[in-house]
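Structure first, commentary second.
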Amino acid sequence: MGPPLKLFKNQKYQELKQEMDLSSGEGNFFCFHLMLTLGKLLYNQSLYPQDICDDPRLIVGNISNHQLIQGRLGHKFMVPAFSCLAVQESHWTKVSPTLWELIQFLTSYKYAGIFRFRFWHFGEWTEVVIDDLLPTINGDLVFSFSTSMNEFWNALLEKAYAKLLGCYEALDGLTITDIIVDFTGTLAETVDMQKGRYTELVEEKYKLFGELYKTFTKGGLICCSIESPSQEEQEVETDWGLLKGHTYTMTDIRKIRLGERLVEVFSAEKLYMVRLRNPLGRQEWSGPWSEISEEWQQLTVTDRKNLGLVMSDDGEFWMSLEDFCRNFNKLSVCRNVNNPVFGRKELESVVGCWTVDDEPLMDRQPTQIYNNLDAFIFKCANEVNKVIMSLQQKDLRTYRRMGRPDNYIIGFELFKVEVNRKFRLHHLYIQERAGTSTYIDTRTVFLSKYLKKGNYVLVPTMFQHGRTSEFLLRIFSEVPVQLRELTLDMPKMSCWNLARGYPKVVTQITVHSAEGLEKKYANETVNPYLIIKCGKEEVRSPVQKNTVHAIFDTQAIFYRRTTDIPIIVQVWNSRKFCDQFLGQVTLDADPTDCRDLKSLYLRQKGGPTAKVKQGHISFKVISSDDLTEL
């Protein structure tokens with residue numbers, strides 16, 4: 001069962017196609033042409049494919065056999081996005097579910113000029129139905145077209161995409177990742193190659209290769225570019241034949257083990273190689289491993305075939321990982337996420353909304369202390385987790401003619417929070433900040449981080465106050481993160497609370513470390529962990545292996561009826577049959593207490609005056625009689 005499908009303007013392809021099949025006579029073409037304007041730039045005529053050339057085809061040969069041209073009014077990133085789409089055939093079944101049927105249909109006598117394409121639009125797969133009337137100037141297509149002049153798949157796909165966004169003009173300003181995500185539903189990440197210092201840090205370089213290899217083999221799409229510092233340097237050729245400001249598509253990536261003869265030739269046992277393609281089919285790489293290079297000439301045709309170093313299209317070339325990292329400074333990685341109906345999901349998403357409300361706690365708008373924003377909590381289960389977070393705002397391009405901006409300035413903050421956090425964050429300066437995205441007026445912002453085990457809260461924010469907008473939050477991790485929204489601000493008033501007493505104090509405790517712990521004999525293994533108690537509620541930390549100086553950084557939060565209910569921090573030694581008590585501290589945690597880092601000796605059970613034991617803990621306690629402060 002595929003994902004649910006939304007019909008754009010409720011237009012049903014099968015019904016319209018059936019209606020056309022039942023029509024008789026020539027000229028009964030499906031005519032559902034959307035008048036697409038370009039502001040002051042207007043094309044002067046729309047023509048059908050059969051009026052543009054003889055023998056029009058949807059695809060000529062293989063979908064990636066021919067180069068694509070941007071066109072005189074085309075959009076910069078459409079051609080590289082088409083090129084990316086052609087790399088993985090599996091994505092074509094999403095964009096054009098009846099591709100081969102359409103190819104046959106185009107050449108049959110029943111052809112009615114009706115096509116459908118599907119796009120991933122703000123979390124939903126949306127089907128768009130179009131006719132085949134295409135904008136031209138003097139009989140030539142004005143947007144993207146193929147070098148095979150009777151091939152029209154890209155022109156029709158671009159028209160359907162423009163219809164979805166409102167007009168061709170709405171394609172301006174989209175990034176390459178915006179377009180690829182809309183075509184495929186992948187999760188995009190942009191990598192700054194210079195910031196990553198991959199040419200200097202060998203371990204990071206091979207870690208990057210591993211990420212790219214995993215992404216590509218799972219059906220992901222990867223493209224790269226050389227950023228040009230000025231408009232004048234756009235499309236300027238580098239010393240090695242690459243074009244600045246131009247986007248290249250990765251079509252293969254290989255880790256190659258060399259045989260004995262080739263090890264002597266290249267003085268290496270392994271080669272880390274990537275194959276790139278210039279969608280324009282020209283200006284190829286002229287450095288090492290190019291077709292004119294010494295490295296390439298040292299391989300026989302059989303060597304190249306055995307090693308997998310083949311090139312199937314014009315404009316393709318191989319280069320080493322080292323040269324790849326040295327020459328390109330921007331990398332766009334679009335992951336094909338595995339989200340089965342049953343089983344482990346790699347991607348979790350939720351739709352939210354920035355709203356305006358007179359009630360302060362209901363007003364989902366940013367303020368100086370961020371005390372009223374949506375908050376989403378997720379859990380990292382492994383010791384170290386790579387997590388990619390993406391925040392997308394609702395596309396406003398369809399409202400361009402009403403004077404609204406294309407995008408608001410958006411971003412998000414990430415905080416590491418307590419193990420037992422149940423309510424929304426309020427004064428964020430108290431929380432431990434784990435990351436911050438870029439704040440920018442693009443459709444999507446993202447953040448990629450390696451996070452330690454624990455709970456995290458992500459707070460989406462919009463820079464402009466008093467505006468409303470929907471947003472889509474997506475989080476990718478190879479281990480499920482259990483993403484959910486925190487909807488409550490404080491404990492609910494209930495009959496049970498009235499009977500027992502409603503909480504009057506909120507307390508956050510952070511236990512940083514337990515040091516100098518007791519060992520009964522020199523060779524004893526101590527595996528300490530914490531139990532933090534408040535009344536009947538308790539929180540446990542992960543076990544630290546074989547140490548008497550344990551770093552925990554474990555947080556807990558408790559809502560207390562009175563400060564007479566103490567907070568007890570116990571340290572235990574995890575053992576095979578029976579855990580060993582190592583000591584505890586008892587805290588009143590009054591709102592008037594100092595909020596700085598403190599250290600106390602461990603004691604026996606029995607309260608703050610019990611006998612002192614070996615070891616001490618470092619901690620910080622914050623209490624408040626304002627239940628929304630924490």
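Quick rundown of the values:
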| item | result |
| --- | --- |
| Computed Kirkwood radius, in angstrom, where 1/r is averaged over Cα pairs of segment 110-224 | 17.0 |
| Environment charge of Y48, counting only residues whose C-beta is closer than 10 Å and scoring Lys/Arg +1, Asp/Glu -1 | -3 |
| Answer label, with Rg/Rh (Cα atoms, Kirkwood Rh) calculated from the coordinates and candidates [x] 1.06; [y] 0.98; [z] 1.10 | [x] |
| ³J(HN,Hα) computed for each position of segment 451-459 - Karplus, 6.51 cos²θ - 1.76 cosθ + 1.60, integer Hz, glycine/proline x | 10, 6, 4, x, 9, 9, 10, 10, 10 |
| DSSP-loop chymotrypsin sites (Phe, Trp or Tyr not before Pro) across segment 499-561, with at most 11 other Cβ within 10 angstrom | Y521 |
| Label-zone membership for segment 268-295, site I256, 7 angstrom Cα→C-beta point, backbone N under 20 Å | 268-278, 284-295 |
| Efficiency of FRET between K270 and K449 - r from beta-carbon atoms, R0 25 angstrom, step 0.05 | 0.25 |
| 222 nm mean residue ellipticity, helices alone, for the chain (DSSP H n ≥ 4; -39,500 (n - 2.57); rounded to 500) | -5000 deg cm²/dmol |
| Cβ charges +1 (Lys, Arg) and -1 (Asp, Glu), total dipole of the chain, debye | 2940 |
| Förster radius 41 Å - calculated FRET efficiency between C353 and K214 (Cβ-Cβ, nearest 0.05) | 0.75 |
| Measure of compaction for segment 544-614 (Cα Rg per 2.2 N^0.38 Å) | 1.25 |
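Each reported figure results from applying straightforward, stated rules to the coordinates on display, with no laboratory input. As the structure is a computational prediction, the values presented were derived from the model and not from experiment. Here the Cβ is made from the backbone with ideal geometry for all residues, glycine too, and neighbour counts use every protein chain on show.
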